[in-house]
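Here's the structure, in structure tokens; my notes come after.
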Amino acid sequence: MLFLAALALGATIDRVTLSDGQVLEGEIHYLEEGRYRLFLKDGKVLDLPAGLVKSVQYDGDAEESKASRAPTTPRARLAGFDLRDDLDEDPTATRYILGRSAYSNGHLSGTVGQEEIALTSVSLGLSDYFDLTASAVLPSMVDELAAMWCLDAKVSVPVGERWRVALGAHQLRLAGEQATGFYAKAAVGSRDRHLGVGGGGIAANFTGSAGYFINVEGMHRVGPGLAFVGESWVVFRDASQGGADVVFVPGAALRFYTQRVAFDAGLVPLDFAVFGQDGTLLPLPVFNVTYAWAGPS
């Protein structure tokens, strides 16, 4: 997709000199006062505040002290939709079907969502690198004495231009048992087009039984308001109480969204061996709704 975007730029080459002396080449669009969008030759897209721009030389023009042209709209390059308009970061990219990604919410940015009807989840970025997430199922929906909840803390940092890595820990209560877990994740790509891998473990606080997992996950934004979300797990569990010791749980969904609201519709073929029962495979539908907000820029 990014390669196609680079091709779509054609031969238009503008030169942008930043206030620190760095020179960037691509196609610049003056969106509104104080904000420019630069489409680089490699397909990446940068939003540049006016304070970072020292000067602009448009393709074929003399250098100007500032990009003072009237606001421009990217020209249609591809049939159906302009791919470059589709490179804005997905505000819900920090969440897959249920798990969190290696990306951070951003400072004071976050989401609130209803997952699988019963699970309410709230996630907030306390900084550009640190997120807190709280999820819970109302006791009245399961058992008033067996409330289900999870508290999650995650540190996420960029590595180079395309990689993101994260370390996290969570405390949860499920089926009357409390447990503590840790995980690590890495993703390559951009927030709205990336592939990630992860792994971790969880141990019951009272019985000491432990389980481990590895997973592959990712998101591919395929058009305006539409993305494909995939999340698959291999769970290695303590089978001393019955059930399989290795369980594969795949999952996939389509995400329909506006800039702030997203709706997931998909399927997770859940093997009940993960709960200690053999031979039961149930294709569970996925219906998630999420609202995302952005913190101060």
Extension reserve of the Glu25-Phe236 stretch, reckoned as 0.36 nm per residue once the Cα distance is removed: 71.0 nm
Given just the C-alpha atoms of region 166-226, how large is their convex hull per residue in cubic angstrom? 101
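Which value does Rg/Rh take for region 110-293 over its C-alpha atoms, Rh per Kirkwood?
Radius of gyration relative to Kirkwood radius: 0.95.
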Per-residue HN-Hα couplings for region 112-127, Karplus 6.51 cos²θ - 1.76 cosθ + 1.60 at θ = phi - 60°, whole Hz, x for Gly and Pro? 10, x, 10, 10, 6, 6, 8, 8, 9, 9, 10, 10, 9, x, 7, 8
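Pulled fully out, how much extra length does the chain show between His220 and Ala265, if you take 0.36 nm times their separation in residues and subtract their Cα-Cα distance? Kindly include the intermediate steps, with their values, before the conclusion.
Numbers: separation 45, 0.36 × 45 = 16.20 nm, distance 1.50 nm.
In short, 14.7 nm is gained.
So, by mean Cβ neighbours within 10 angstrom, what's the order for 122-131, 103-112 with the highest one leading? The partial results should precede the final answer.
On the way: 122-131: 17.9, 103-112: 20.9.
Averaged packing, sorted descending, gives the order 103-112, 122-131.
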Distance in nm between label sites at Thr120 and Ala153, each 7 Å beyond Cα in the beta-carbon direction? 2.4
At what distance in nm do the modelled label points of Leu132 and Trp163 sit from each other, each positioned 7 Å from its Cα along Cα→Cβ? 3.1
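Throughout, read-outs are computed from the coordinates displayed, never taken from laboratory work. Owing to the predicted nature of the structure, the values given are computational and were not obtained by experimental measurement. We place every Cβ from the backbone using ideal geometry, glycine too, and count neighbours over all the protein chains shown.
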